[in-house]
1. For the chain, what number results from the quotient of the Cα radius of gyration and 2.2 N^0.38 Å?
2. Fewest to most neighbouring Cβ within 10 Å: what's the order for Thr62, Thr138?
3. Please work out the ratio of the alpha-carbon Rg of segment 1-57 to 2.2 N^0.38 Å and round it to two decimals.
4. Within segment 38-70, name every residue whose backbone N is under 18 Å away from a label modeled 7 Å from Cα of Ala125 along the Cβ vector.
5. Counting every Cα pair in segment 30-100, what percent are over 21 Å apart?
6. Fewest Cβ neighbours within 10 Å first, please rank Ser51, Ser76 accordingly.
7. Mind checking which helices in the chain clear 27 Å along their axis (Cα) and have mean Kyte-Doolittle hydropathy of -1.0 or more, DSSP H runs only?
8. With a 10 Å Cβ neighbour count serving as the proxy for reagent exposure, in which order, fewest first, do Val103, Val128, Val66 appear?
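Every number here is computed from the coordinates shown, using simple stated rules; none is lab data. Bear in mind the structure is a predicted one, so any value in this text is a computation, not a measurement. Here the Cβ is made from the backbone with ideal geometry for all residues, glycine too, and neighbour counts use every protein chain on show.
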Amino acid sequence: MSAPEEEPTMEHITRRRAGQAVAALLALDGLAHVYWATGATWPAADDRALSLAVLGTEVPFTAPVVLPLAALLFTSAAAVLGRARGRGGRRTRRLLRLVTLAVAAGLLIRGTAGIAWALGLGDDAGPVFHRLNLLLYTPVCLVFGLAAARAALPATDRAGVPGRLAR
């Protein structure tokens with residue numbers, strides 16, 4: 001007879017929701033990259049304007065460039081979601097945690113760089129990128145970076161000890 005399932009604590013629920021939100025963001029970003037791989041440039045008028053708005057520099061938004069990024073985003077989304085839901089055996093859970101930590105690190109590094117760019121450090125990327133960086137990219141990266149870190153951290157049981165649901 002197996003042990004009864006422990007009811008999730010608010011901490012477990014919060015960690016799960018944080019991971020689900022990060023996974024949704026990564027998947028949405030992946031879909032945008034797939035869309036751009038078709039040659040579409042929305043919300044910009046052309047490739048150059050899209051590149052300047054999204055990256056602050058001119059980079060081709062062609063399928064060979066954006067499809068590998070989409071694959072990376074979808075893979076990361078699946079890993080973060082798997083981590084949030086506590087999927088897999090011991091090794092798989094460890095791998096999912098490492099990927100989730102890498103996502104958190106990447107988002108937090110990008111968010112920190114965004115603060116530096118907002119303060120005028122580095123090259124001037126133009127007014128559209130500057131405005132999007134300040135109002136969208138940097139806040140999203142910081143908030144979701146913290147959410148990914150929350151999802152990656154082990155939860156504790158009611159006694160404050162890392163619990164079975166945390167692993």
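1. Scaled against compact globular proteins, the figure is 1.21.
2. Ascending number of Cβ neighbours within 10 Å: Thr62, Thr138.
3. So the Cα radius of gyration is 1.93 times the expected 2.2 N^0.38 Å.
4. Once the point is set 7 Å along Cα→Cβ of Ala125, 42-62, 66, 69-70 turn out to lie under 18 Å by backbone N, inside segment 38-70.
5. Of all Cα-Cα pairs in segment 30-100, 40 percent lie more than 21 Å apart.
6. Neighbour counts put them in this order, fewest first: Ser51, Ser76.
7. Taking the DSSP H segments of the chain (at least 27 Å long, mean hydropathy at least -1.0), we get 10-37, 63-84, 90-118.
8. On the way: Val103 28, Val128 14, Val66 21.
The fewest-first ordering by Cβ neighbours comes to Val128, Val66, Val103.
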